[in-house]
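Structure first, then comments.
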Amino acid sequence: MSQNRLKCVPLALAMLCNASMPLTPTEIQAEEFTTASKARFAYPPAKRGDVVDDYHGVKVADPYRWLEKLDSVETRAWVLAEAQLTEAYLAKIPARQTLKARLTKLLDFEKYSAPFHKGQHYFYSHNSGLQPQSVLYTTLGLTGAPAVAFDPNTISTNGSLAVVGYAFSRDGARLAYGVSQGGSDWADWHIRDLASGQDLPDELRWTKYYAPIFAADGKGLYYSAFPAPTSGEELRVRDLSHAVYYHALGTPTSADRKLYSRPDHADWQFAPHLTHDGQWLVLLGGEGEVGDKGLENIYALDLRQTNPVVTPLSEGFAAGYHFIGAEAGLFYFQTTLDAPRGRVIAINPNNPRRDYWQEIIPQGADTMDVDNGSVSLVNHQLIVRTLHDVHSQVKVFGLDGRLQREVELPGLGTASGFGGELDDHETFYSYTDLATPSTIYRYDLRTGASIIYRAPKVAFDPATVETKQVFYPSKDGTRIPMFLVYKKGLKLDGSNPTLLTGYGGFGISVLPRFDAARLLWLERGGIFASANLRGGGEYGEQWHRQAIRNHKQIVFDDFIAAAQWLIAQKYTSAPKLAIEGGSNGGLLVGACATQRPDLFGVVLAHVGVMDMLRFNLFGQGAGWEGDYGSPQNPDDFRALHAYSPYHNVRPGTHYPAMFIVTGDHDARVMPAHSFKFAAAMQAAQAGLAPILLRVQLSAGHGGGPTTSQFIDEKADAYAFLLANMGMDVN
């Protein structure tokens, strides 16, 4: 495939690697990486503009507004200079290459996904160890000889194109695969005939977030997409005018039939689902990205009709819904309606009045996953995953809601998967915890027996580490869970380097999972701590909504309390305490660092939302107003302005060392968030600790999509961390 088939124009900042582009004068000299250096950094000059906005009578300066013009000559020159400074600094850390080599070895083990079947074929992904992207394999039956179904490593020689998702026809004969340029949320979908290994001429463009679905007969696909953005505006354009289409294979996309859109609500988006019998298209609608607010509408289209009429099943964005599946004329949903910890209901689409809805599984003491959905319909049974104090429990129910059995898990960790078809007698799931690599199990739905199907072999002995869950009081006395992992024999003397992370937003639960890259930190004596802050979904929707909008400060209070507890219990001390977060977690560490710069030694901020007064003007930002509120609302503005990292940088402050990371193709959190925050922090820094910006090339919101990019990103972050924690950098 030609690398030019994607028309999503990369940010011109990617020209960092273009030798033909003139560089700025190399006046910038990185000082020694140790914070003990008495010389200050000569940061790239960043002019202060005179932009001042009026928010409800409050004048707010925005001196680095010019950095929002991502492709301007000024912005490109500044980012190039920042890149020179960061590279010069990192190049002086001897451990950088050592860490890279060790991480390469740690990641060099076979990785498998849970298998699933379509028709007579099973499919699974496999990575031999260090392949840039995992390869999709297929077998005839579960024990057949594996054959390559699709190798995403063949579509790009330099890693700039990445496969971000798959969709399969019912018979397993055709595959749709989504391609992203540089890790952007924008994806173009291509259709491949698996028997011939050839792509069809069909291409679905300008999609985000939601995979297409093959029609039951395999002759077309249902998908949702945005209008094509203006060239050069791909990372700035707001997500508006989303619509659902049907594409008949072999026809031009210009002839695709629009099935549903809401011109009266341009910010609404729709995630399509198809019932097993192919009769109904079920749409979950959201104000912004579906799931961001945890509040959805439900619509159904009877596809037997030539021009399907849309039937509203639930409107008003009253609760969260996840479509589970359909059987015997009933739609099954997981919902938070009158159940903040989740329950399962059934709706008859031919009689959708709410007073006819059936409760199948009532709300229990533990919470269902309110973010991703945690119920599947397999073998005419409902498999329900819940969280008990942030570890998985799995139970199997009949469609009448009666408990049939509990799935016995290996430990207090995280189980995921349990997918399949209505008539399947088996399902597959993965299990992991802080010390256990993701292991695949086959579960027999008739006998209730689990057997290991694939177990990775990692160059790591779990007996060398200790994991524990603790609970600490937040500022208001609320009991907050936190997981810890460290080498056995730890002494509580306050001297241990500690890396604390969290998220606290959008109902997303941060669960215990194994991370081979984390072993770099543990091997060198570091403690890893993960706090389960309010704003997440660990204890249901009530836990989430305690810390949104005007109450968002609760998230930062929970995180600061975690840091204070670790210090008080003598796990660590402020100079030895680092914090790390990405996306909403990047906002978390940015806000905590500006509120309590004295409490931390190092800050690793990845793709953070740093300008809380303009976040809703770009990309998917307007969809986050459910958690953050709107700057256009006076009450929300006061809360946002009070904690916005960019607006709370104080000149003359001694800030901890900061490593601020963004991706040049991040269409979700525009890179300007990190640019503006880095410029403000560098100008304000009164101490000697470095404030560095790292722009990842060909990387989106989740970082670089290939293994080599991941290794480079992690090695640089850990090198910065070691150097600024006073640890051995040799």
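Quick notes on this structure:
- Condition broken by Met727, with the remaining ones in (1) modelled with pLDDT under 95; (2) touching a helix residue (DSSP H, G or I) at 6+ places or on another chain (Cβ under 7 Å); (3) outside any helix (DSSP H, G or I) satisfied: (2)
- Scanning segment 601-622 for residues that are under 17 Å from Leu499 (Cα atoms), open to solvent by 10 Å² or more (accessible area, probe 1.4 Å) and out of contact with any Gly (no Cβ under 7 Å at 6 or more places or on another chain) turns up just one, Gly601.
- Contact map, segment 206-234: first residue over 17 Å from Val282 (Cα atoms), second residue surrounded by 15 or more Cβ atoms within 10 Å (Cβ to Cβ) and basic (Lys, Arg), Cβ cut-off under 7 Å, separation 6 or more or different chains; pairs are Gly218/Arg170; Gly218/Arg174; Phe226/Lys208.
- Selection status of Asp355, part of a loop (DSSP other than H, G, I, E, B), open to solvent by 10 Å² or more (accessible area, probe 1.4 Å) and not hydroxyl-bearing (Ser, Thr, Tyr): no
- Number of positions in segment 206-231 that are open to solvent by 30 Å² or more (accessible area, probe 1.4 Å) and touching a Leu at 6+ places or on another chain (Cβ under 9 Å): 4
- For segment 155-202, the candidate set comprises residues that are open to solvent by 40 Å² or more (accessible area, probe 1.4 Å) and among the β-branched types (Val, Ile, Thr); within that set, the residue that is farthest from Lys219 (Cα to Cα) is Thr157.
- Any chance Gly325 is within 27 Å of the chain's Cα centre (by Cα), within 30 Å of Pro671 (Cα to Cα) and not charged (D, E, K, R): no
Okay, residues lined up against (1) open to solvent by less than 30 Å² (accessible area, probe 1.4 Å); (2) out of contact with any strand residue (DSSP E or B) (no Cβ under 9 Å at 6 or more places or on another chain):
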| site | (1), (2) |
| --- | --- |
| Val470 | yes, no |
| Ser474 | yes, no |
| Phe483 | yes, no |
| Lys488 | no, no |
| Asp493 | no, yes |
| Gly504 | yes, no |
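- Exactly one residue out of Arg262, Arg238 is open to solvent by 30 Å² or more (accessible area, probe 1.4 Å), more than 29 Å from Leu382 (Cα to Cα) and either in contact (Cβ under 8 Å) with a residue 60 or more places away in the chain or among the acidic types (Asp, Glu) (or both), and it is Arg238.
- Which listed residue is among the aliphatic types (A, V, I, L, M), in a loop (DSSP other than H, G, I, E, B) and either buried (at least 21 other Cβ atoms within 10 Å of the Cβ) or at pLDDT 95 or above (or both), from Ala547, Ala563: Ala547
- For segment 287-295, the criterion of being open to solvent by less than 10 Å² (accessible area, probe 1.4 Å) and at pLDDT 95 or above is met by none of the residues.
- Annotation: Tyr210 fulfils all but one of (1) more than 29 Å from Asp277 (Cβ to Cβ); (2) under 22 Å from the mean Cα position of the chain (by Cα); the unmet one is (1).
- Residue match in segment 313-330 (condition: of a type outside the set (A, V, I, L, M), at pLDDT 95 or above and closer than 17 Å to Ile508 by Cα): yes
- Qualifying positions in segment 693-716 - at pLDDT 90 or above, surrounded by fewer than 24 Cβ atoms within 10 Å (Cβ to Cβ) and among the hydrophobic types (A, V, I, L, M, F, W, C): Ile711
- All told, Ala195 meets the bar of being on the phi < 0 side of the Ramachandran plot and assigned to a loop (DSSP other than H, G, I, E, B).
- Condition met for Leu283 (modelled with pLDDT of 95 or more, out of contact with any Pro (no Cβ under 9 Å at 6 or more places or on another chain) and among the aliphatic types (A, V, I, L, M)): no
- When Asp558 is tested against (1) outside any helix (DSSP H, G or I); (2) buried (at least 21 other Cβ atoms within 10 Å of the Cβ); (3) touching a Ser or Thr at 6+ places or on another chain (Cβ under 6 Å), just one condition goes unmet, and that condition is (1).
- The strands (runs of 3 or more DSSP E) located wholly in segment 383-494 that include 1 or more residues which are β-branched (Val, Ile, Thr), at pLDDT 95 or above and within 24 Å of the chain's Cα centre (by Cα) occupy 391-398, 414-417, 426-433, 436-444, 479-487.
- Scanning segment 296-330 for residues that are of a type in the set (Asp, Glu) and buried (at least 16 other Cβ atoms within 10 Å of the Cβ) yields Glu296, Glu327.
- Any hit, segment 75-94, residues being surrounded by 19 or more Cβ atoms within 10 Å (Cβ to Cβ) and outside any helix (DSSP H, G or I): yes
- Flag for Tyr539 being in a loop (DSSP other than H, G, I, E, B) and more than 21 Å from the chain's Cα centre (by Cα): no
The values are calculated or read from the model by the stated rules, or taken from the named source; none is laboratory data. Every value quoted in this text rests on a predicted model; they were computed, and no experiment measured them. When we count neighbours, we look across all protein chains shown, and the Cβ atoms used for this are built from the backbone with ideal geometry, even at glycine. With ligands, DNA and RNA removed, areas are computed over all heavy atoms of the protein, side chains included. Shrake-Rupley method; radii C 1.70, N 1.55, O 1.52, S 1.80 Å.
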